[in-house]
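**Q** One structure is given below, represented as structure tokens, and several questions about it will come after.
What follows is calculated from the coordinates using simple rules that are stated; it is not laboratory data. Worth saying up front: this structure is predicted, and the values here are computed from it rather than measured. Neighbour counts run over all protein chains shown; Cβ positions are idealised from the backbone, glycine included.
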Amino acid sequence: MLTNMAASAVLRVILGENDSSKVTLPFGIPDSVEELKNEIQRQCEVSGDFRLQYKDTDFDEFINLTSTSDIQNKATLKVIYLSSALSTSSSCLSSRASSQDEIRSMSSDTDILSSSESSSPSSSLRCEPWPDIFPVPKFVYDVEIQLQRANGDFESNGTLFSPSPKMKSDILESLASQIIKFKAYPSDSEFDAVAEALVKIHPCLREQGSVTGFSGWKISLKYKMANYRTKLRNIGCSELNVNSLKRSGQRTSPNQVKKARRAEVNYYPDYPAGQTKESLEQERLSLLSEVKKKNNEQMIKEKMEKTFAYRRQEVIENKPFIAEFKRRWPALFSEREVEAEFTRITTVPLRSKFMQQLDHHSSQLLKVFVRKGGAAGRKIKAILADLDKNDAIEARRACVLKALIVYLNEDPEHLVREYLDVDDNQEMEQTIIGIFAIKMEGAEPTDDLEDVGIIIEGVEVLHNLGNIANALAILFGLMYSLDLSYPTNLRYTFEVLQKVVMELDSRHLSRKAQVLKNKLFEGTM
């Protein structure tokens with residue numbers, strides 16, 4: 001059901017090479033990506049699983065669509081076809097082609113990877129985050145026939161269906177294989193979403209003695225998922241093998257399990273097909289030579305993509321010191337590659353999403369800030385007074401971010417330190433994580449900053465970042481790329497950046513973040 005009752009909208013949807021359609025949305029752009037996909041599937045007769053990309057104006061290229069707020073009327077979307085696999089990934093494979101020859105002949109503009117291209121690094125990565133509405137898969141033929149008949153009986157006389165143990169096991173196995181395409185360790189609420197989606201698609205499976213109608217399915221699914229993880233662990237799945245008791249040689253608590261906790265889609269990927277630890281180490285050594293060459297961005301990009309799983313496993317398992325990791329992987333420490341790494345991990349674009357959402361919420365944030373009283377309110381007013389001196393977009397973003405930190409009862413100086421154009425190496429070396437901003441002595445408020453950079457564990461990892469908002473976006477990307485914990489004295493700030501600004505795992509918020517989010521949407525209701 002389309003819930004956005006705004007004026008009608010029209011979208012151009014690219015379905016393949018020389019194949020596009022115009023989609024009319026009489027009630028405007030839907031509120032969720034899943035609703036939009038359903039409408040495109042209906043109007044364009046698209047079959048199989050797919051994701052959507054939109055033409056981003058900042059980068060003039062197609063980027064994964066994670067929120068319908070990213071698109072407007074007359075936007076251009078692209079359909080990216082997916083296929084299911086038993087492994088931890090879902091490869092980007094065209095379901096519209098009728099043969100391998102047709103797949104190979106298609107333009108690369110449709111972002112299709114044939115099965116013969118499975119050695120591509122991206123083929124081992126998941127393509128989508130956890131969906132808003134869980135897509136219940138088609139079950140094996142005999143199960144589907146029985147469910148169709150049982151659903152018919154339920155619609156005609158309300159008769160509930162009790163599947164045999166074998167049939168129930170087949171259903172749960174199919175659901176587990178669908179879940180693993182999105183994540184290996186679903187949360188309790190995500191199990192709820194799967195079980196609820198099952199009984200919505202097949203109402204005959206509702207449980208009469210359950211308050212929700214699916215509590216028993218949820219419990220059974222948890223057990224099946226645990227067994228399915230064991231099955232995948234036994235065949236060498238890296239994401240699960242890392243938590244094997246046999247591998248570690250000692251028991252660990254549930255809190256020590258290595259798993260995605262901040263909506264990472266590719267948290268601990270397998271090596272690309274045909275690659276080993278030794279072969280990828282050789283690629284890393286080759287990459288050290290490539291970074292010393294000029295105008296070599298494309299080669300660096302390809303090698304960074306190829307070595308992603310190797311680098312990611314090193315980060316998760318070894319938790320190296322930043323100085324040592326920068327020495328081993330210097331190519332990562334550039335704006336371009338931090339963005340690319342963040343997208344590999346989350347499937348979400350970094351800076352375009354960060355700036356777009358920050359600008360989108362700025363007006364309402366400013367309204368919320370001016371209502372803040374007490375000492376925090378006075379600090380916020382002092383910060384926002386700088387907007388009268390410099391109305392540039394970069395200055396506005398910096399003021400909004402600093403005021404946000406104060407509003408959340410945290411200290412902006414714990415994140416951003418401003419210096420005059422003098423050396424203060426001792427203080428920088430003592431910084432665990434933060435942003436430094438250097439001003440020329442005697443500079444006017446409207447003057448640009450001389451330098452903006454990032455320090456982690458006393459190491460200057462990046463500089464010449466232009467402005468504070470850009471530096472914070474890159475720092476946020478490094479948090480994911482290096483699997484860093486949020487600083488305890490800034491945990492609410494980073495939670496809001498993650499869950500409200502970047503919309504990653506946005507359904508689970510602390511009370512403080514939820515209150516702020518509610519106030520942000522008060523003016524849009």
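**Q** For K517, list the aspartates and glutamates whose Cα falls under 16 Å from its own Cα; do not include residues on the same chain fewer than 8 positions away.
**A** Result set, ordered by chain and number: D359, E495, E503, D505.
**Q** Could you tell me how many degrees, from 0 to 90 and to the nearest 10, lie between the Cα long axis of helix 165-179 and the main elongation axis, the longest principal axis, of the Cα atoms of the chain?
**A** Long axis of 165-179 versus the principal axis of the chain: about 30 degrees.
**Q** Please tell me which of these pairs span more than 21 angstrom C-alpha to C-alpha: K499/K519; K78/K259; K37/K224; K166/K258?
**A** Table pairs above 21 Å Cα-Cα are K78/K259; K37/K224; K166/K258.
**Q** Same structure, new question: Between E450 and residues 5 or more places away or on another chain, which pairs have amide H atoms under 5 Å apart, with H built 1.01 Å from N, and which residues are they?
**A** Excluding prolines and chain starts, which carry no amide H, the hits are I438, K439, M440.
**Q** Express the relative contact order of the chain as a whole percentage, based on alpha carbon pairs under 8 Å and six or more residues apart in sequence.
**A** Reported as a whole number, the value is 9 percent.
**Q** Multiply the residue separation of D411 and D132 by 0.36 nm, subtract the distance between their alpha-carbon atoms, and state the gained length in nm to one decimal.
**A** 97.0 nm
**Q** Under the Karplus relation 6.51 cos²θ - 1.76 cosθ + 1.60, θ = phi - 60°, what is the ordered set of whole-Hz ³J(HN,Hα) values for region 300-313, x standing for Gly and Pro?
**A** Residue by residue, region 300-313 yields 5, 4, 5, 6, 5, 5, 5, 9, 4, 4, 4, 5, 5, 5 Hz.
**Q** Could you compute the FRET efficiency for D451 and D386, with r as their C-beta to C-beta distance and R0 at 22 Å, rounded to 0.05?
**A** 0.70
**Q** OK, next. What angle do you read, to the nearest 10 degrees and between 0 and 90, between the alpha-carbon axis of helix 33-44 and the longest principal axis of the chain?
**A** Between helix and principal axis, roughly 50 degrees.
**Q** Just to confirm my numbers, what's the Cα centroid distance between region 264-328 and region 141-186 in Å?
**A** If we compute the Cα centre of each part, the gap is 42 Å.
**Q** Let me ask something additional. When the helices in the chain are scored as -39500 (n - 2.57) per DSSP H run of 4 or longer and the sum is shared across all residues, what 222 nm value do you end up with, to the nearest 500 deg cm²/dmol?
**A** -13000 deg cm²/dmol
**Q** Determine, for each peptide in 133-140, 20-27, the mean count of other beta carbons within 10 angstrom over its residues, then list the peptides with the highest first.
**A** Put in order of decreasing packing, that is 133-140, 20-27.
**Q** Below 19 Å, Cα to Cα, which aspartates and glutamates can K218 reach? Residues fewer than 8 away in the same chain don't count.
**A** Partners within reach: D132, D170, E173, D188, E190, D192, E196, E207.
**Q** While we're here: Antiparallel as a % of all DSSP beta bridges within region 351-524, to the nearest 5?
**A** 65
**Q** If you add up the charges near R344, with Lys and Arg at +1 and Asp and Glu at -1, over every other residue whose beta carbon is less than 9 angstrom from its beta carbon, what do you get?
**A** Once all neighbours under 9 Å are counted, the net charge is -1.
**Q** Related question: What is the distance, in nm, between label points placed 7 Å from the Cα along the Cα-to-Cβ direction at N227 and at E283?
**A** Taking the two extended label points, one gets 3.6 nm.
**Q** List the lysines whose Cα lies under 16 Å from the Cα of K294, skipping any in the same chain that are fewer than 8 positions away.
**A** Correct list for K294: K303.
**Q** How far apart, in nm, are two points set 7 Å out from the Cα along the Cα-to-Cβ line at T57 and at S187?
**A** So the two model labels end up 3.3 nm from each other.
**Q** How far apart, in nm, are two points set 7 Å out from the Cα along the Cα-to-Cβ line at N151 and at K517?
**A** It works out to 3.1 nm between the two label points.
**Q** Provide the packing ranking of 274-286, 476-488, i.e. peptides ordered by the mean count of other C-beta atoms within 10 Å per residue, highest first.
**A** 476-488, 274-286
**Q** Report, in degrees rounded to the nearest 10, the 0 to 90 angle that the Cα long axis of helix 374-384 makes with the longest principal axis of the chain.
**A** 80
**Q** From the backbone phi of region 269-280, what are the Karplus-calculated ³J(HN,Hα) couplings (6.51 cos²θ - 1.76 cosθ + 1.60, θ = phi - 60°) in whole Hz, Gly and Pro given as x?
**A** Going residue by residue, I get x, 6, 5, x, 4, x, 9, 10, 4, 5, 5, 6 Hz, with x marking Gly and Pro.
**Q** Ignoring solvent entirely, what values of log10 I(q)/I(0) come out of the Debye formula for the chain at 0.07 Å⁻¹ when each Cα is a single scatterer?
**A** With no solvent term, the Cα-only Debye profile gives -0.45.
**Q** Kindly write out, for region 10-25 in residue order, the coupling ³J(HN,Hα) from the Karplus curve 6.51 cos²θ - 1.76 cosθ + 1.60 (θ = phi - 60°), rounded to whole Hz, with x marking Gly and Pro.
**A** 10, 10, 9, 10, 7, 9, x, 5, 6, 8, 9, 9, 9, 10, 9, 10
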